[in-house]
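Notes to accompany the following structure.
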Amino acid sequence: MRIFQKSPALRWAVPGVTAVALVAGGSAIQGIHAIADTGLPARSAAQLLVDVQQARLNGLSGTVVQKSDLGLPSLPSVGNSGGVASSDLTSMMAGTHTMRVWFAGPDKARTALLGTLGESDVIRNGQDLWVWASQAKTATHYALPADATAGKSTTPAGTPGPTIVATSPQAAADQALAGISPSTEVTTSGTATVAGRSAYELVLRPKDAASLVAQVRVAIDGTEHVPLRVQVFAKSVADPVLEVGFSAVDFTRPDAAQFAFNPPPGTTVTQAKTPTAPRTAAGSKSTTVAPKTKSADVPKVIGKGWGSVVVVTMPSPTAAASAATSGTTDMTMAQLMKYVSLLPKVSGSWGSGHLMAGTVFSALLTDDGRLVVGAVTPEGLYGALAAK
Amino acid sequence: MSAADLTPGLRTGLSTGVPTSPVARPLRHISTRFLRSELALIFGRRRNQAGLGILALVPIMIAVTVKVSTPRAGRGPDFFTSITSNGLFVALAALSIELTLFLPLAVAVIAGDSVAGEANIGTLRYLLTVPVHRSRLLGVKFAAITIFSLVVTVWVSLVGAVAGLALFGGGQMTTLSGTEIGMGSAVLRVLMATIYLGLCFASLGAIGLFISTMTEQPIGATIAVVVINVMSFILDSIPQLSWMHEWLPTHWWMSFGDFLRSPVAWSDVTRGLLTSAGYMLVFWLAAWARFSDKDVSG
């Protein structure tokens, strides 16, 4: 072309412009969940809540992306070193995770947590519940009681290991909606586009000043009335600290073959006892963050609504630290205590302890072995301790 | 036989072929002659053949090691524990080990050598006397890099598959999702994963082609490509830089495992292919911008 012969420097514009166009185009395609006029008729918050309650799904399949930035210092055993995504079900506390979900009625559901070259599946088919881990090649089978009320969530609540945060938009929305009380201001804020679908947005704002949560936004599908995305915003940061949402969704009923699971040869198969009552979201979503409550007393909830604080009595830290005798639980406990001792030390009229201040919750381990957790500021925790 | 004494012969063959056809003749069909000469040059070189041999050692080593001592479940690198159940996993294990350095290095050597190598030994001058447009020359160079990238990846995979099947046998393959697929389907999926990776490495090759037009030192270009590869992996592992991860050339490489899920997870693989295509396009154009008016003294 003549123009390039006249001014050869212009050639460089060709790759430059191409690169800019590709990056801009790529970002635009990903950024379509920005607020857009989706042409949905206006709907009040109450109507939306009813819609969600009445939504009955025939089936769906899709990809769910969960992002969390809870402001936690990364635990050596929990935080994966970026890049490589872990498919371990307990790794859900930090980073970005991708799940594929299939749902065909309450008794047919499958969630696959995708890791780099690995996968963990939770498959429910009728009364059978399978948990598969590709990296360890283990399969655990749970026989559910025949009258088991079908869990509302696509993720079985009774799975082993801490299901730290809700793993499906449906479950996350249920949790968020359960907290609605006079303590919350519920509004709608127009519409949004999630996974290419038009959706309403429900905004929940805590009224409690001590709460660290600024707002919870729930995007609800315009036609299917299913929650497509839940975002939790903290007061301290602009980006959502927790986001669970579909990146792709299809509301056709998936094939029955998706829910069939037979442990492949070479798999360590464990026959587990029927899970006991699924962990209810007793306190609030923050209770789930409490590590190892099994040997502790019954958690006590102080306060109400968004300002509620959970107090758990832990096994004595010194005893646990010195009891590095046998058993892996003791070992991990000792490791945990070592880690806790690195956290900033705080003290007040309530005593002293170590504080972990995240973006949406604070946790305090007092020196006398009480663990206090809540979606409130550290001052809120001290207040709860002092009031006790 | 070194590259230097092999090259003139081939190039002479090329240039003697040209005068028989009038230069001004409109091109009826795209001649593959130039590309064939380029490929003969790449695969004819002793050092490249030796490189292919070394790359093949990895899958053989994996197969033998696993045969001698079977790793316990949950231990060892990815795919290793599955090898005993199906030999095809040797191919995947080899790819996952070689994808961080060995295979990118092989592509970097070829790409770095593509233009700078010819400039270095003085053959680029002769090549440019052939009435072939410089854009076409770059097109052929890049096609040869892409073919090499695919061949070398398939080669590693093939050696792994053969070694694995010989030592452990085939049969049903367990996917990452815990389902079983038949042998035919398994071979197809491993092949798809291999070709996917081959195309990913070719995008690195495009970067190499561009760098190769900037210098007359092939080793410098190769080192630069390897540095970019390693840098990309490092940046990809820094969580604070998560905003740029999806744009990194190496970010989607590990997604080759998605072919082994049930059903195949296409989204990341598609992103990976699009990213690779983007890098190829931009860096080929950059190479074109650099090379079209480059003063070749040789």
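The values are calculated or read from the model by the stated rules, or taken from the named source; none is laboratory data. None of the values given here were measured: they were computed from a predicted structure. Here the Cβ is made from the backbone with ideal geometry for all residues, glycine too, and neighbour counts use every protein chain on show. SASA here: full protein model, heavy atoms, side chains in, ligands and nucleic acids out. Shrake-Rupley method; radii C 1.70, N 1.55, O 1.52, S 1.80 Å.
I need every pair where a residue in region A:104-128 that is not assigned by TED's automatic domain parsing to the domain that holds A:A139 has its Cβ under 7 Å from the Cβ of a residue that is open to solvent by 10 Å² or more (accessible area, probe 1.4 Å) and of a type outside the set (G, A, S), sequence separation at least 6 or different chains.
Short answer, once both residue conditions are applied: none.
Return the only residue of A:S211, A:S189 being hydroxyl-bearing (S, T, Y) and open to solvent by less than 20 Å² (accessible area, probe 1.4 Å).
Working: A:S189 fails: open to solvent by less than 20 Å² (accessible area, probe 1.4 Å).
Only one candidate passes the filter, namely A:S211.
B:V225 is checked against (1) within 30 Å of A:V122 (Cα to Cα); (2) in contact (Cβ under 8 Å) with a residue 40 or more places away in the chain and fails just one. What number does that condition carry?
Of the numbered conditions (1) within 30 Å of A:V122 (Cα to Cα); (2) in contact (Cβ under 8 Å) with a residue 40 or more places away in the chain, the odd one out for B:V225 is (1).
Per-residue answers, yes or no, for (1) in contact with a His (Cβ under 8 Å, 6 or more places away or on another chain); (2) closer than 20 Å to A:V50 by Cα; (3) modelled with pLDDT under 80; (4) part of a loop (DSSP other than H, G, I, E, B):
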| position | (1), (2), (3), (4) |
| --- | --- |
| A:A148 | no, no, yes, yes |
| A:G151 | no, yes, yes, yes |
| A:T167 | no, no, yes, yes |
| A:E185 | no, yes, yes, no |
| A:V216 | no, yes, no, no |
| A:A219 | no, yes, no, no |
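Return the total of residues in region A:109-129 being of a type in the set (A, V, I, L, M, F, W, C), part of a strand (DSSP E or B) and facing another protein chain (nearest Cβ under 8 Å).
Let us first name the residues in region A:109-129 that are of a type in the set (A, V, I, L, M, F, W, C), namely A:109, A:112-114, A:117, A:122-123, A:129.
Narrowing the set further to residues that are part of a strand (DSSP E or B) leaves A:109, A:112-114, A:122-123, A:129.
So of that shortlist, the ones also facing another protein chain (nearest Cβ under 8 Å) come out as A:112, A:114.
Within region A:109-129, residues that are of a type in the set (A, V, I, L, M, F, W, C), part of a strand (DSSP E or B) and facing another protein chain (nearest Cβ under 8 Å) number 2.
How many residues does region A:242-268 contain that are farther than 26 Å from A:L129 by Cα and more than 14 Å from chain B (Cβ to nearest Cβ)?
1
Quick test of your reading of the structure: B:I219 fulfils all but one of (1) within 13 Å of the chain's Cα centre (by Cα); (2) among the aliphatic types (A, V, I, L, M); (3) within 14 Å of B:A111 (Cβ to Cβ). Name the failing condition by number.
Only one criterion in (1) within 13 Å of the chain's Cα centre (by Cα); (2) among the aliphatic types (A, V, I, L, M); (3) within 14 Å of B:A111 (Cβ to Cβ) is unmet by B:I219, namely (1).
All but one of (1) modelled with pLDDT under 95; (2) surrounded by 19 or more Cβ atoms within 10 Å (Cβ to Cβ); (3) away from chain A (no Cβ under 14 Å) hold for B:T215; state the number of the condition that does not hold.
All conditions pass for B:T215, except number (2).
Could you list all residues from region B:132-178 that are within 14 Å of chain A (Cβ to nearest Cβ) and in a helix (DSSP H, G or I)?
Step one: list which residues in region B:132-178 are within 14 Å of chain A (Cβ to nearest Cβ), which gives B:133-135, B:138, B:142, B:168-178.
Scanning region B:132-178 gives B:R134, B:S135, B:L138, B:F142, B:F168.
Sort out which residues of region A:236-289 are modelled with pLDDT of 85 or more, open to solvent by 80 Å² or more (accessible area, probe 1.4 Å) and charged (D, E, K, R), and write them in order of number.
Result: A:R253, A:D255.
In this structure, is B:I238 at pLDDT 95 or above and either more than 21 Å from B:L138 (Cα to Cα) or more than 8 Å from chain A (Cβ to nearest Cβ) (or both)? Explain how you work it out, then say what you get.
Numbers: at pLDDT 95 or above: no; either more than 21 Å from B:L138 (Cα to Cα) or more than 8 Å from chain A (Cβ to nearest Cβ) (or both): yes.
When the stated conditions are applied, B:I238 does not pass them.
Considering only region B:282-295, how many residues are open to solvent by 50 Å² or more (accessible area, probe 1.4 Å) and without any contact (Cβ under 8 Å) to a residue 12 or more places away in the chain?
Selection size over region B:282-295: 2.
Is region B:245-262 home to any residue that is surrounded by fewer than 20 Cβ atoms within 10 Å (Cβ to Cβ), of a type in the set (F, W, Y), within 13 Å of chain A (Cβ to nearest Cβ) and farther than 30 Å from B:S292 by Cβ?
Checked against the condition, which is being surrounded by fewer than 20 Cβ atoms within 10 Å (Cβ to Cβ), of a type in the set (F, W, Y), within 13 Å of chain A (Cβ to nearest Cβ) and farther than 30 Å from B:S292 by Cβ, region B:245-262 yields no hits at all.
Restricting attention to region B:265-286, does a residue exist that is in contact with a strand residue (DSSP E or B) (Cβ under 8 Å, 6 or more places away or on another chain) and among the aliphatic types (A, V, I, L, M)?
So far as region B:265-286 goes, yes, one or more of its residues are in contact with a strand residue (DSSP E or B) (Cβ under 8 Å, 6 or more places away or on another chain) and among the aliphatic types (A, V, I, L, M).
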